[in-house]
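Heads up, the thing below is written out as structure tokens.
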Amino acid sequence: MKLWMRNGLLIGLLMQANLFAADIYRSQDDDGNVTFSDLATANSQPVISQVQPYRYLHSVAKVYDGDTIILENGERVRLLGINTPEIESRLRQGEQGGQQAKLWLQKKLQQGQVYLEYDQQRRDKYKRLLAHCFLADDEHLNLTIVAQGLATVTIIPPNLRYSEELTSAQQHAELAQLGIWSQAKTKPRPVEQLSKANSKGWQRYLATATSIKHGRSYVRLMLSKNVDLRIAKTNLHLFPELETYLNQALEVRGWASRSKQKFSILVHHPSAIIIR
């Protein structure tokens, strides 16, 4: 393809990406031919668009908890890329740090307005809006609450915008032992201690992956006889070669689900697996 045609195609794809919040990926074959697509492949690299995503101004009616707000139009908004401890309700027991995160967000939004910036998916399975929240002065609330140690990073593809910034902010908060990172409850513990009685909520587990098992939809890193780490095959392109994790001391962050006497920790993004 001629250079001017190739550049024209790239510009068109980037314009389309800005309109529909789609990522563009660049691939180069063994002959040096470069192609662009909105579908990621094993050897492709994302093309970073410098176009500023659009932000929508809304009025806030209520802060539900540290990672969820309710707009005046009744829409519920889940802050992308983060998770805060639960607050007490009739449905669940409160977690340490949950009320603190809620109060922090209430103070930030006391003026009653927020700018929402969407990523690839605008809604989750609960019909909530998914967004990065900004103030008029450009403060990124998702990022700031992580930097304060009041939230943990939870990246779920295809919503990958600001994933590097969020992960970096979390690393600094953890090193400084801020908020969540100073709590005894959130200290990592051996995966062998995982049981029905202590498997609820976001946790940190220490483990060594000993083998890899391939299924129809997931690849599993076996952490023990009864515990595995599960990665959807559609997300494998985000991770290094899984053999990288074998026989390494790992810290795995997330939620464990149980089936009979076996547990599985679903991991969406490599930021949830740390080689120690």
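The values are calculated or read from the model by the stated rules, or taken from the named source; none is laboratory data. Remember, predicted model here, so these are calculated numbers, not experimental data. Cβ sites come from the backbone with ideal geometry, for glycine too, and all protein chains shown count toward neighbours.
A few comments on the model shown:
- Only one of Pro85, Pro46 that is modelled with pLDDT under 95 and on the phi < 0 side of the Ramachandran plot: Pro46
- Among the residues of the stretch 135-159, those identified as over 25 Å from Gln183 (Cβ atoms) and either surrounded by fewer than 19 Cβ atoms within 10 Å (Cβ to Cβ) or among the small types (Gly, Ala, Ser) (or both) are Leu135, Ala136, Asp137, Asp138, Glu139, Pro157, Pro158.
- So Lys108, is it surrounded by 15 or more Cβ atoms within 10 Å (Cβ to Cβ), more than 27 Å from Ile273 (Cβ to Cβ) and not hydroxyl-bearing (Ser, Thr, Tyr): yes
- Leading residue by the ranking (nearest to the chain's Cα centre (by Cα)) among those in the stretch 258-276 that are farther than 12 Å from Tyr245 by Cα and β-branched (Val, Ile, Thr): Val267
- For the stretch 105-123, the count of residues that are among the small types (Gly, Ala, Ser) and either closer than 22 Å to Gly179 by Cα or in contact with a Gly (Cβ under 7 Å, 6 or more places away or on another chain) (or both) is zero.
- Test: residue in the stretch 58-73 that is in contact with a Ser or Thr (Cβ under 6 Å, 6 or more places away or on another chain), within 19 Å of Ser163 (Cα to Cα) and either modelled with pLDDT of 95 or more or buried (at least 19 other Cβ atoms within 10 Å of the Cβ) (or both): yes
- Subset of the stretch 239-275 [at pLDDT below 95 and small (Gly, Ala, Ser)]: Ser259
- Filter pass, Leu103 being surrounded by fewer than 17 Cβ atoms within 10 Å (Cβ to Cβ), assigned by TED's automatic domain parsing to the domain that holds Glu164, touching a His at 6+ places or on another chain (Cβ under 7 Å) and more than 19 Å from Leu166 (Cα to Cα): no
- Residue count for the stretch 162-203, restricted to those that are within 18 Å of the chain's Cα centre (by Cα), surrounded by fewer than 17 Cβ atoms within 10 Å (Cβ to Cβ) and closer than 21 Å to Gln93 by Cβ: 1
- Verdict on Arg220 being in the same structural domain as Arg253 (by TED's automatic domain parsing), more than 30 Å from Gly149 (Cβ to Cβ), of a type in the set (Lys, Arg) and surrounded by 14 or more Cβ atoms within 10 Å (Cβ to Cβ): yes
- Unmet criterion (only one of (1) surrounded by fewer than 20 Cβ atoms within 10 Å (Cβ to Cβ); (2) out of contact with any Gly (no Cβ under 9 Å at 6 or more places or on another chain)) for Tyr245: (1)
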